[in-house]
């Protein structure tokens, strides 16, 4: 199934997303389900429905919609966001290996995404792999925070990250 190209539908989804109340997702879910009834196999719609359920704390339902959105053929930045959010949902459901596998896929497809790297580290931590999680965050800091203060310690940061990663190597 090709990615949605209808700008009107994408704008409609954006408007619903922008109007959401994170403390009361029921109206947003209702509105998105109406859009879903009109576009039952659209990957963007499926993704947004999953995201609404996720925000509402209904992770199991969200996971089903994220999976359907991926199967429907998401691409580009929407694919990145879906992989990240679905990986986070799987972590919340205690499905750590699946979460890490999905976030590994996101890291391969979107290596420059800081958010994917942070969520991957969070899933490592949740899976009991705190050394690996801290190593990833230290490398992210060394790669992306280019201040004189941090650059002074770049070699030490990277060395400590390597050491922590070696402690996590058994996993």
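The values are calculated or read from the model by the stated rules, or taken from the named source; none is laboratory data. Because the structure is a prediction, the values reported are computed rather than measured. Counting neighbours? That spans all protein chains shown, and the Cβs are built from the backbone with ideal geometry, glycine included.
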Check on residue 102, within 11 Å of the chain's Cα centre (by Cα) and closer than 22 Å to residue 127 by Cα: yes
Count of the stretch 1-28 residues which are touching a residue at least 12 places away in the same chain (Cβ under 8 Å) and either surrounded by fewer than 19 Cβ atoms within 10 Å (Cβ to Cβ) or within 16 Å of residue 78 (Cβ to Cβ) (or both): 12
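This table checks each residue for (1) under 16 Å from residue 7 (Cα atoms); (2) surrounded by 17 or more Cβ atoms within 10 Å (Cβ to Cβ); (3) modelled with pLDDT of 95 or more.
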{"site": "43", "(1), (2), (3)": "yes, yes, yes"}
{"site": "50", "(1), (2), (3)": "no, yes, yes"}
{"site": "53", "(1), (2), (3)": "no, yes, yes"}
{"site": "60", "(1), (2), (3)": "no, no, yes"}
{"site": "65", "(1), (2), (3)": "no, yes, yes"}
{"site": "68", "(1), (2), (3)": "no, yes, yes"}
{"site": "84", "(1), (2), (3)": "no, yes, yes"}
Close pairs (6 angstrom Cβ cut-off, 6 or more residues apart or separate chains): free of Cβ contacts under 8 Å to residues at least 12 places away in the same chain in the stretch 52-66, surrounded by 17 or more Cβ atoms within 10 Å (Cβ to Cβ) anywhere: 61/53
Candidate set from the stretch 116-138 (those that are out of contact with any helix residue (DSSP H, G or I) (no Cβ under 6 Å at 6 or more places or on another chain) and in a helix (DSSP H, G or I)); member that is surrounded by the most Cβ atoms within 10 Å (Cβ to Cβ): 122
Long-range neighbours under 8 Å by Cβ, at least six apart or interchain, first residue closer than 17 Å to residue 67 by Cβ within the stretch 98-122, second assigned to a loop (DSSP other than H, G, I, E, B): 99/127; 100/127; 106/113
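Given the condition modelled with pLDDT of 95 or more, part of a helix (DSSP H, G or I) and surrounded by fewer than 13 Cβ atoms within 10 Å (Cβ to Cβ), answer yes or no: does some residue in the stretch 89-105 qualify?
For the stretch 89-105, residues modelled with pLDDT of 95 or more, part of a helix (DSSP H, G or I) and surrounded by fewer than 13 Cβ atoms within 10 Å (Cβ to Cβ): present.
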Wholly enclosed helices (runs of 4 or more DSSP H) of the stretch 1-62 bearing at least 2 residues more than 21 Å from the chain's Cα centre (by Cα): 7-19, 26-38
So residue 162, is it under 20 Å from residue 75 (Cα atoms) and in a helix (DSSP H, G or I): no
Sole residue being in contact with a helix residue (DSSP H, G or I) (Cβ under 8 Å, 6 or more places away or on another chain), at pLDDT 95 or above, surrounded by fewer than 19 Cβ atoms within 10 Å (Cβ to Cβ) and over 21 Å from residue 87 (Cα atoms), chosen from 155, 141: 141
Sole exception among (1) surrounded by fewer than 21 Cβ atoms within 10 Å (Cβ to Cβ); (2) within 12 Å of the chain's Cα centre (by Cα); (3) more than 18 Å from residue 6 (Cβ to Cβ) for residue 78, by number: (3)
